[in-house]
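Q: Okay, handing you the structure first.
Quick note: the coordinates plus some simple rules give every number you see, no bench work behind them. All values reported here derive from a predicted model rather than from experimental measurement. Neighbour counts run over all protein chains shown; Cβ positions are idealised from the backbone, glycine included.
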Amino acid sequence: MIEKETDMTEQEIQKLIDRAIVAREKTYSPYSHFGVGAALLCEDGAIYEGCNIENASYGLTNCAERTAIFKAVSEGRTNFKALTVVADTEGPCAPCGACRQVISEFDIPQIILANLKGNYKVISLDELLPFRFGADSL
Ligand SMILES: O=c1ccn([C@H]2C[C@H](O)[C@@H](CO)O2)c(=O)[nH]1
Ligand SMILES: [Zn+2]
């Protein structure tokens, strides 16, 4: 399954998915045993990786997507081109609600949902989080 509506080439997409797969290897998920990886492509070409980081106090878990975004923002980057999320799921892995809100904050235009079997799907922010709450809602 490969579905896309994007200005990225197949090669660029695959590179980002590969980086997310590498990032997933760093997962700290001793409770769920569900590893997730993310890779965030900045406008300037830099790529930030992230994995999920769990905690014995489960609710403090940080998802892979937010790890990647927070790493990038903490280093001064706020303009992004695409974000990939990957896990060992049946179909392409979808970000949770909290991550969708954080992705929306930074207007990431293309979100690549992928799995380890080579399935991926590129979706827009509107598809990921319709009717979203943002700065213009305040
Ligand atoms: O968008 C998501 C959804 C879940 N997880 C992680 C959190 C937790 O460690 C594990 C199971 O929920 O997957 C992510 O990294 N990203
Ligand atoms: Zn999440």
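Q: Does Ala82 satisfy being in contact (Cβ under 8 Å) with a residue 12 or more places away in the chain, more than 14 Å from ligand 1 (Cβ to nearest atom) and in a strand (DSSP E or B)?
A: yes
Q: Turning to a different aspect of this structure: Which one of these is under 14 Å from the mean Cα position of the chain (by Cα), farther than 14 Å from Gly37 by Cβ and crowded, with 17+ Cβ neighbours inside 10 Å: Ala98, Ala82?
A: Just a single option satisfies the conditions, and that option is Ala82.
Q: So, in segment 85-138, of the ones that are in a strand (DSSP E or B) and of a type in the set (Ser, Thr, Tyr), which residue ends up nearest to Glu43 (Cα to Cα)?
A: Among those residues, the one meeting the criterion is Ser124.
Q: Can you run down the residue pairs with Cβ atoms below 9 Å, 6 or more apart or on separate chains, where the first is in segment 21-40 and at positive phi and the partner is among the basic types (Lys, Arg) and more than 9 Å from ligand 1 (Cβ to nearest atom)?
A: That search, which allows pairs on different chains as well, returns nothing.
Q: Shifting gears a bit: Which one is nearest to Ile103 (Cα to Cα), of the residues in segment 21-73 that are near ligand 1 (Cβ under 7 Å from one of its atoms) and under 14 Å from the mean Cα position of the chain (by Cα)?
A: Taking the candidates together, the pick is Glu65.
Q: Taking Thr6, is it over 15 Å from the mean Cα position of the chain (by Cα), within 22 Å of Pro130 (Cα to Cα) and surrounded by fewer than 21 Cβ atoms within 10 Å (Cβ to Cβ)?
A: Here the answer is yes, as Thr6 does meet what is asked.
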